[in-house]
Amino acid sequence: MALIKTKLISFLIVTTFIATSCSQKNYNINKDEQVAFIGSYTNSESLENEGIYYVTQNENTGELVKGEVLASIKNPSFLKISPDKKTLYAVSELSGEGVETGFLYAYIIGKENQLSFINKLPTNGTAPCHITTNNSGNFIFVANYLGGVVMVYETLENGGLKEFQKLELDNPIKSHAHSVTLSADNKHIYIADLGNDKIWMYNFNAKEKTIQKAKVPFVKLEDGSGPRHFVIAKDGEHAYVVNELNSTITTFNIDSDGVLQPIQNISTLPDSYHASNSAADIHITNSGEYLYVSNRGHNSLASYKMDKKSGKLTSLGYTSTDGETPRNFAISTNDDFLYVANQNSGNIVSYKIDSKNGFLTPFQNLKADTPVCIEFMR
């Protein structure tokens with residue numbers, strides 16, 4: 001499989017905030033089409049034709065067609081659709097000199113998938129980079145890459161936001177919270193802290209509205225590993241974190257109390273590759289058979305077979321992303337297709353997933369504007 005030569009990874013985080021505006025244009029979606037919202041890094045001060053835009057997916061062929069900008073917002077680098085499909089949440093990833101906070105935005109998703117602004121709240125940290133919700137969608141969690149803060153919000157009846165609790169991580173200057181993941185039963189919260197090389201664990205009770213540190217408050221990973229994104233297997237008994245800085249995946253057993261026990265470390269790179277790389281995203285197919293990771297630098301997708309009994313991974317190989325700096329990717333609900341957002345080359349590449357062996361075959365290369373997040377209306 002062809003591999004892309006190493007490129008230096010460059011992230012542009014703009015340090016000024018531009019007030020949001022929202023397009024109200026409608027567009028028609030056919031019955032065989034699915035919509036995905038695309039988050040991006042913005043580059044201009046005017047935000048003209050920049051922000052959150054959409055693509056449509058033909059569910060039969062997997063082909064994507066790029067649509068228009070729906071909301072002008074500075075650096076909407078991560079998006080999340082509410083469980084009831086009525087609301088889209090987006091971070092505004094702001095940092096740098098003079099910036100005190102990033103923001104979380106809430107938008108109503110209209111009948112024709114247009115976005116209507118509801119409200120925004122500060123994230124009480126800078127460079128917010130990840131959003132998740134609980135099962136019912138009445139709590140929203142946002143990880144700030146800078147400041148050692150994870151913000152928790154309650155949702156209003158219209159999908160809007162109100163602050164609920166600030167989770168302050170140890171060593172805030174060093175901390176880089178990069179993702180928040182909830183267990184399937186929503187009783188446990190896992191925060192991947194790239195700076196502290198830890199996964200913090202909290203107990204969560206949505207009914208009683210309580211969040212407390214777990215009896216075992218964290219699991220420590222290898223120094224310099226940089227845990228970034230965390231996923232839990234369908235059986236709820238195994239979990240995986242992609243480590244950005246040393247390009248590995250750590251596999252865990254999860255005990256009955258939600259405690260993580262590391263059982264495997266496996267590289268995201270071939271043995272022959274020794275240049276710069278930082279691993280980024282991680283996802284499991286809905287079948288629970290295959291796991292994929294994106295590599296920035298090696299510019300590839302690493303593929304793995306999951307052992308359903310032990311949870312351990314076996315490498316299946318590496319596929320070029322046909323672009324630079326693959327940050328986020330998404331797998332279709334039917335497991336037929338995978339889509340990767342290449343940040344620095346400005347393209348989204350589509351792959352057919354072979355259900356028999358997990359192999360990826362590219363079939364479309366779509367020009368896109370600094371794509372960094374793909375969120376499907378499932």
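A compact table of results
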read-out: Number of the condition not met by residue 281 [criteria: (1) within 19 Å of the chain's Cα centre (by Cα); (2) within 20 Å of residue 221 (Cβ to Cβ); (3) of a type outside the set (A, V, I, L, M, F, W, C); (4) assigned to a loop (DSSP other than H, G, I, E, B)]; value: (4)
read-out: Among (1) surrounded by fewer than 19 Cβ atoms within 10 Å (Cβ to Cβ); (2) part of a loop (DSSP other than H, G, I, E, B); (3) more than 20 Å from the chain's Cα centre (by Cα); (4) not aromatic (Phe, Trp, Tyr) - the single one residue 162 does not satisfy; value: (2)
read-out: Region 165-204, residues that are without any contact (Cβ under 8 Å) to a residue 60 or more places away in the chain, among the aliphatic types (A, V, I, L, M), crowded, with 21+ Cβ neighbours inside 10 Å and farther than 16 Å from residue 152 by Cα; value: 194
read-out: Residue in region 304-312 that is under 23 Å from residue 241 (Cβ atoms), touching a residue at least 40 places away in the same chain (Cβ under 8 Å), outside any loop (DSSP other than H, G, I, E, B) and within 20 Å of the chain's Cα centre (by Cα) present; value: yes
read-out: Hits in region 221-236 - residues which are among the basic types (Lys, Arg) and closer than 24 Å to residue 296 by Cα; value: 228
read-out: Residue among 85, 80 that alone is assigned to a strand (DSSP E or B) and in contact (Cβ under 8 Å) with a residue 60 or more places away in the chain; value: 80
read-out: Test: residue in region 103-120 that is over 16 Å from residue 375 (Cα atoms), at pLDDT 95 or above, in a strand (DSSP E or B) and touching an Asp or Glu at 6+ places or on another chain (Cβ under 8 Å); value: no
read-out: Sole exception among (1) crowded, with 21+ Cβ neighbours inside 10 Å; (2) without any contact (Cβ under 8 Å) to a residue 24 or more places away in the chain for residue 207, by number; value: (1)
read-out: Candidate set: region 210-243, residues that are at positive phi and in contact with a strand residue (DSSP E or B) (Cβ under 8 Å, 6 or more places away or on another chain); chosen: the one surrounded by the most Cβ atoms within 10 Å (Cβ to Cβ); value: 226
read-out: Yes/no for residue 295 being touching a residue at least 40 places away in the same chain (Cβ under 8 Å), part of a strand (DSSP E or B) and surrounded by fewer than 19 Cβ atoms within 10 Å (Cβ to Cβ); value: no
read-out: Among (1) modelled with pLDDT under 95; (2) within 29 Å of residue 135 (Cα to Cα), the one test that residue 88 misses; value: (1)
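The values are calculated or read from the model by the stated rules, or taken from the named source; none is laboratory data. Not measured: the values here are computed from a predicted model. For neighbour counting, all protein chains shown are included, and Cβ atoms are generated from backbone atoms with ideal geometry for every residue, glycine included.
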